[in-house]
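The values are calculated or read from the model by the stated rules, or taken from the named source; none is laboratory data. Values in this document were obtained by computation on a predicted structure and should not be read as measured data. A quick note on method: Cβ atoms are made from the backbone with ideal geometry, for glycine too, and the neighbour counts reach across all protein chains shown. For the accessible areas, the whole protein counts, side chains as well, though only heavy atoms, and no ligand, DNA or RNA atoms are used. Shrake-Rupley method; radii C 1.70, N 1.55, O 1.52, S 1.80 Å.
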Amino acid sequence: MISFLKSVIAVSVVTVLLFVVACRPQSKTSGKPDLQVEDLLAKMTLDEKLGQMSQIDPGFAGGEEQLKKAVRDGRYGSFLNMFGVERVNEIQKIAVEESRLGIPLLIGRDVIHGYRTIFPIPLGMAASWNPEIIRKAFRISSIEAASQGIRWTFAPMIDITWDPRWGRIAEGCGEDPYLASSLAKAMVEGIQGENLKDPTAVAACAKHFAGYGFAEAGRDYNTTYIPEPLLRNVVLKPFKAAADAGALTFMSAFNDLNGVPASGNEFTLKKILREEWKYKGMVVSDWGSVTEMINHGFCANEKEAAQKAISAGVDMEMSGSSYSSNAKQLLQENKINQAMIDDAVRYILKVKFDLGLFENPYVNPDLEKSILKPDFLDHARKVARESIVLLKNENNTLPLSNKIGSVAVMGPLADSPRDQLGTWVFDGKAENSVTPLHSLKEFLGGERVNYVQGLSYSRDKSTAAFQKCIAAAKSSDAILFFAGEEWILSGEGQSRGEINIPGAQDELIAELAKTGKPLIVVVMAGRPLAIGNTLKNSDALLYAWHGGTMSGPAISDILFGIESPSGKLPVTFVKGSGQIPFYYYRNNTGRPASEAFYTPIDSIPQINPQSSLGYKSFHLDYGYKPLLPFGYGLSYTTFDYNNLSLSSLSMSASGSVKISATVTNSGERDADEIVQLYIRDRVGSITRPIKELKGFSKVHIRQGEKAKVEFTLYGKDLEFFNGKDYVIEPGEFDVWIGPDSDNGLHGEFTIQ
Ligand code: BGC
């Protein structure tokens, strides 16, 4: 069938060209027509076209025989959650050899942070600020996934969020558009590889377009209201980066965006994605998000939902049949037109041709060996290590000496193989996880490790084992407490109202602190938790996220100083839920707070006259600062920043300026530092954030040595959307180079 198709394609080039010119004047896919696509499209019946626009999970196909018949009849273009060499090849063979046109199926699955070798949750990876290692992690994920027949993944998830209550914060790159855009590019490049036709290339899917991360109160699937400047200056930035990096597909989101659900939203899908960005890839809906527009109150029934989604440009419906059941009638009634259907099918076929599925539809069983290879695991360990952020290290408690007599190891995450994998793991296996307990025993020898779990899972409120923990602590030289959240407390549908460390963990940590033994807390969680108490009670604190398969060895590497921690927070840490949202990229307000006016709510009661002193933007109980700022992270060494220098004090909007600083490693170990560049546009036609990240660089600096770190800032980097246009406005700018969003050397320049 494939060779037949090829010969047909060859002889019909001329006909196709004529067809394109004559019949498609109103098509959205301007530019050079893809002859293979056009040729095939011309042969397709309406039913076959609607088949290509439909995707389901095989579990919903109504049984094995129905599934096979549907494939034979060309009623599906894609499956999600079908995998395994034999299974995929069996069903693909039916599509290729027994369906009328032999169009191969596109097999998709969520491979979010690893297939079998699980990397840290994406938020953790983002803490590495290292696009190179992230690109490689996603390449490895694709190699493993493709070996099981998966050629399309619903990743990267690049929703910016400012709300740690939202469970899906775990899946994204954090709060900042610049960092998220840099990482989105790396992720897409890693997923797709260098050659799309390579059997290990997997189509990426930038999701969820758009605004899903702004769910009100962090309640999953909730309404979002996002003013256009915020949408364009923040939310859409990583999506644009993914499109520019060549992401073959996009996914339309679940949320209601400013009154129009994202899966029927012509403004985002048509105007921005297709018209402004000229995006040529395929758009798939989220699971059932087309017909959920009925619940949203945007469509009366499935037929109207199909009409609105098709009209907005959602090319493929995930897990639903509203397209296949209603499109014919919608065409007859002129509620949609043939060009809409044809364009959708063009985009879908194009992905299949791009991936080489027509030439090479089957999975090569030899690829099966590409699972959990030692170098994959080594890379998972490296990424997990670089994702760890040191948040406190009083009296140089860390690193521990490997000569230490004994350590008390405790906490619900010390030996919890499934939890450390994190959310969105379908194919990773707990039995492959190396836990902190396991690797500490390997590192120190079992006899030097006194393990008492203390709490059997993260929400455990029982104090029954407290005394045993205290006794173990007293008879050891240091306490290593592995705190955090179970994997099931973050991810889709797993939002929390309070984001404290759950169960009796805080209480137990407070008791352990009283023993006077060095107390090191390692937090393994799917979100930035409100860790204020624990931070206070511990001598050292490492934030290790859900670090994946090799989380244990990575944590040991850091604990024992095999490598100095280098991660920095990709998200602001709040003191408590009441402080949400709190992000560094905020506007200044008319009354920015400063310490002078801060009156803690628990101070001695006094009778104050009503006065405007202290009428500033802060909370009485939280103050005006978050717990920890975006970009923050310590090292086992110290870095001094000096000599900020600008190549020029002014530039034109089309020009550039070089900004540099000297960073000296003034401590006693070689280490990496993530040097960050921020700017502030002092006055704008709309108010501008008090800081915006515009560059970062991870540099390795040897003990006692210095590095000159230089950034080039182009006028274009200062562009923003002001509600009407994208503008670069003349005026004065602040610039900082520093270790985080709250500190740095300051300079200034102007745009002429
Ligand atoms: C999620 C998507 C995911 C899809 C398929 C949905 O519930 O929102 O992110 O890709 O399911 O599993």
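Gain in length, residue 266 to residue 727, computed as 0.36 nm per residue apart minus the alpha-carbon separation, to one decimal in nm?
Roughly 163.6 nm would be gained on extension.
By how many nm would the segment from residue 429 to residue 219 grow when fully extended, if each residue of separation counts as 0.36 nm and the alpha-carbon distance is taken off? All intermediate terms of the calculation are to be shown ahead of the outcome.
Working: separation 210, 0.36 × 210 = 75.60 nm, distance 2.89 nm.
Between residue 429 and residue 219, full extension yields an extra 72.7 nm.
For the stretch 334-429, with only Lys/Arg (+1) and Asp/Glu (-1) charged at the beta-carbon, what is the dipole magnitude about the Cα centre, in debye rounded to 20? Walk me through the numbers before you get to the answer.
Values: 13 positive and 13 negative charges, 44 e Å.
The calculation lands at about 220 debye.
Compute the angle between helix 2-11 and the longest alpha-carbon principal axis of the chain, please, reported from 0 to 90 degrees and rounded to the nearest 10.
Approximately 70 degrees, to the nearest ten.
Could you do me a favour and compute the accessible area per residue for the chain, 1.4 Å probe, result in Å²?
On the way: 28200 Å² over 752 residues.
Roughly 37 Å² per residue, with all protein chains present.
Roughly what % of Cα-Cα distances in the stretch 544-588 sit above 17 Å, to the whole percent? Before the final figure, lay out each step's value.
Working: 533 of 990 pairs.
So the portion of pairs separated by more than 17 Å is 54 percent.
Can you compute 3J(HN,Hα) from phi for each residue in the stretch 133-142, using the Karplus curve 6.51 cos²θ - 1.76 cosθ + 1.60 with θ = phi - 60°, rounded to whole Hz and x for Gly and Pro?
6, 6, 4, 5, 4, 6, 5, 4, 4, 5
In the structure displayed, which of 136/369; 93/197; 441/536; 382/691; 207/698; 68/207 lie more than 23 Å apart, Cα to Cα?
Working: 136/369 18 Å; 93/197 19 Å; 441/536 28 Å; 382/691 31 Å; 207/698 27 Å; 68/207 30 Å.
Result: 441/536; 382/691; 207/698; 68/207 exceed 23 Å.
Per residue, what volume in Å³ does the convex hull of the Cα atoms of the stretch 316-377 enclose? Please report the intermediate quantities before stating the final value.
Numbers: hull volume 8.9 nm³, N = 62.
For the stretch 316-377, the hull spanned by Cα atoms encloses 144 Å³ per residue.
Relative contact order of the chain, please, whole-number percent, based on alpha carbon pairs below 8 angstrom and at least 6 residues apart.
Value for the chain: 13 percent.
Under the rule of at least 5 residues apart or a separate chain, name every residue whose amide H is placed under 5 Å from the amide H of residue 482.
410, 411, 413, 414, 522
Which shape class, rounded, prolate or oblate, goes with the stretch 371-461 when its Cα gyration tensor gives a ≥ b ≥ c as root eigenvalues, a/c under 1.5 marks rounded, and past that a/b bigger than b/c marks prolate? Show your work: numbers first, answer last.
Values: a/c = 1.57, a/b = 1.29, b/c = 1.21.
Because a/c hits 1.5 or more and a/b exceeds b/c, the stretch 371-461 counts as prolate.
Does the stretch 612-689 come out rounded, prolate or oblate by the C-alpha gyration tensor, with a ≥ b ≥ c the root eigenvalues, rounded set by a/c under 1.5 and, if not, prolate when a/b is larger than b/c and oblate if not? Intermediate results must be reported in sequence, preceding the final value.
Working: a/c = 2.90, a/b = 1.11, b/c = 2.62.
Cα axes put the stretch 612-689 in the oblate bin.
Which residue, chosen from 549, 420, 580, occupies the Cα position most advanced towards the positive end of the dipole of the chain, where the dipole is computed from +1 (Lys, Arg) and -1 (Asp, Glu) charges on Cβ about the Cα centre?
The residue sitting farthest along the positive end of the dipole is 580.
Kindly provide the helix-only [θ] at 222 nm of the chain, computed as the sum of -39,500 (n - 2.57) over DSSP H runs of four or more divided by all residues, to the nearest 500 deg cm²/dmol? Kindly include the intermediate steps, with their values, before the conclusion.
Values: 20 runs with 199 residues, N = 752.
Mean residue ellipticity, 222 nm, calculated: -8000 deg cm²/dmol.
Just flag the trypsin sites (Lys or Arg not before Pro) in the stretch 663-752 sitting in loop per DSSP whose Cβ has no more than 10 other Cβ atoms within 10 Å. Before the final figure, lay out each step's value.
Working: sites: 669, 680, 682, 691, 694, 698, 702, 706, 708, 716, 724; in loops: 669, 682, 691, 702, 724.
Sites meeting the loop and neighbour criteria: 724.
What is the dipole size for the chain, taken about its Cα centre, with +1 at each Lys and Arg Cβ and -1 at each Asp and Glu Cβ, in debye to the nearest 20? Could the numbers behind the result be given before it?
Values: 79 positive and 88 negative charges, 99 e Å.
Around 480 debye, computed over the chain.
Regarding the chain, what is the average projected area of its C-alpha convex hull, in nm²? Please report the intermediate quantities before stating the final value.
Working: hull surface 141.9 nm².
Computing the convex hull of the Cα atoms and averaging its projections yields 35.5 nm².
Can you spot the lysines whose alpha carbon is less than 19 Å from residue 694's alpha carbon? Ignore those fewer than 8 places along the same chain.
185, 237, 240, 568, 658, 708, 716
Can you list the residues, at least 5 places off or on another chain, whose amide H is less than 5 Å from the amide H of residue 748, using H built in the peptide plane?
Excluding prolines and chain starts, which carry no amide H, the hits are 735.
How many nm separate the modelled label positions at residue 734 and residue 447, each set 7 Å beyond the Cα in the direction of the Cβ?
5.9 nm
Enumerate the calculated ³J(HN,Hα) couplings along the stretch 352-361 in order (Karplus 6.51 cos²θ - 1.76 cosθ + 1.60, θ = phi - 60°), each rounded to whole Hz, writing x wherever the residue is Gly or Pro.
Using θ = phi - 60°, the values come out as 5, 5, 4, 7, x, 5, 5, 6, 9, x Hz.
Set the Förster radius R0 to 25 Å, insert the Cβ-Cβ distance between residue 536 and residue 666 as r into 1/(1 + (r/R0)^6), and round the FRET efficiency to 0.05. The partial results should precede the final answer.
Working: r = 27 Å, r/R0 = 1.09.
Given R0 = 25 Å and the Cβ-Cβ separation, E is 0.40.
What's the local net charge at residue 45, with K and R +1, D and E -1, over the other residues with C-beta under 14 Å away?
Values: positive: 43, 49, 75, 100, 328; negative: 47, 48, 73, 342.
Charge balance near residue 45 sits at +1.
Roughly speaking, what is the stretch gain from residue 591 to residue 401, that is 0.36 nm per residue apart minus the C-alpha to C-alpha distance, in nm to one decimal? Don't skip to the end; give the middle numbers.
Working: separation 190, 0.36 × 190 = 68.40 nm, distance 4.86 nm.
This chain segment gains 63.5 nm when fully extended.
Using the Cα atoms as the points, what is the convex hull volume per residue of the stretch 380-559 in Å³?
On the way: hull volume 18.5 nm³, N = 180.
Convex hull of Cα atoms, per residue: 103 Å³.
Quick check for me: using +1 on Lys/Arg Cβ and -1 on Asp/Glu Cβ, what's the dipole size of the stretch 380-559 about its Cα centre, in debye to the nearest 20? Before the final figure, lay out the partial values.
On the way: 18 positive and 19 negative charges, 62 e Å.
So the dipole magnitude of the stretch 380-559 works out to roughly 300 debye.
Largest first and to the nearest Å, give the Cα extent of the stretch 639-751 along each principal axis.
Principal axes ranked by extent give 52, 23, 17 Å for the Cα atoms.
Classify the stretch 216-342 as rounded, prolate or oblate, taking a ≥ b ≥ c as the square roots of the eigenvalues of its Cα gyration tensor: rounded when a/c is under 1.5, otherwise prolate if a/b is larger than b/c and oblate if not.
Details: a/c = 1.94, a/b = 1.28, b/c = 1.51.
It comes out oblate by the Cα gyration axes.
Round to a whole number: what % of the accessible area of the chain belongs to carbon and sulfur, probe 1.4 Å? Intermediate results must be reported in sequence, preceding the final value.
Values: 14160 of 28200 Å².
That share works out to 50 percent.
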